[in-house]
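The values are calculated or read from the model by the stated rules, or taken from the named source; none is laboratory data. Fair warning: this is a prediction, and the values are worked out from it, not measured in the lab. Methodologically, a virtual Cβ is constructed for each residue, glycine included, from the backbone with ideal geometry; neighbour enumeration extends over all protein chains shown. We work out accessible area using only protein heavy atoms, side chains counted, and drop any ligands, DNA or RNA first. Shrake-Rupley method; radii C 1.70, N 1.55, O 1.52, S 1.80 Å.
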Amino acid sequence: MKFLIVFVALFAMAVARPNEAQIVRLDADVQPDKWSSNLETSDGTKIDQQGNLKDIGTEHEAAVVHGSFSWVDEKTGEKFTVTYVADENGYQPQGAHLPVAPAA
């Protein structure tokens, strides 16, 4: 269910932009214990993610999602990319443009 919420939110973000971007690629493979999806639009927006369930049938069952999304700034033409892992430790994004906490 979390996968669906994240995918729908990212998909809505990609297609709700005020330009005339067209979907050039949309693939999804959903199995009972794993899934993947890829979206690419004509304006350079890309969303890729793969997920799977771990510890199936135990009280520690969890979804693990690895993915990335990128977009091109319409004003500057600069490309931004975020890669992430979402698991039992939360959402962990990384990107050159994201701030990093100072070392403890």
Test: Tyr84 is open to solvent by less than 30 Å² (accessible area, probe 1.4 Å), touching a Phe, Trp or Tyr at 6+ places or on another chain (Cβ under 7 Å) and assigned to a strand (DSSP E or B): yes
Are any of the residues in the stretch 90-98 part of a strand (DSSP E or B), within 19 Å of Asp27 (Cα to Cα) and open to solvent by 50 Å² or more (accessible area, probe 1.4 Å)? no
From the residues in the stretch 40-52 that are among the polar types (S, T, N, Q) and in a loop (DSSP other than H, G, I, E, B), which one is surrounded by the fewest Cβ atoms within 10 Å (Cβ to Cβ)? Ser42
Go through the stretch 53-69 and count every residue that is surrounded by 13 or more Cβ atoms within 10 Å (Cβ to Cβ) and either closer than 14 Å to Gln31 by Cα or among the aliphatic types (A, V, I, L, M) (or both). 6
Listed by first then second residue, the pairs whose first member lies in the stretch 70-81 and is of a type outside the set (Val, Ile, Thr), whose partner is part of a loop (DSSP other than H, G, I, E, B) and open to solvent by less than 100 Å² (accessible area, probe 1.4 Å), with beta carbons under 6 Å and at least 6 positions apart or on separate chains, are Trp71/Thr45; Phe80/His97
Surrounded by 12 or more Cβ atoms within 10 Å (Cβ to Cβ), part of a strand (DSSP E or B), in contact with a strand residue (DSSP E or B) (Cβ under 6 Å, 6 or more places away or on another chain) and among the charged types (D, E, K, R): is that true of Asp27 in this structure? no
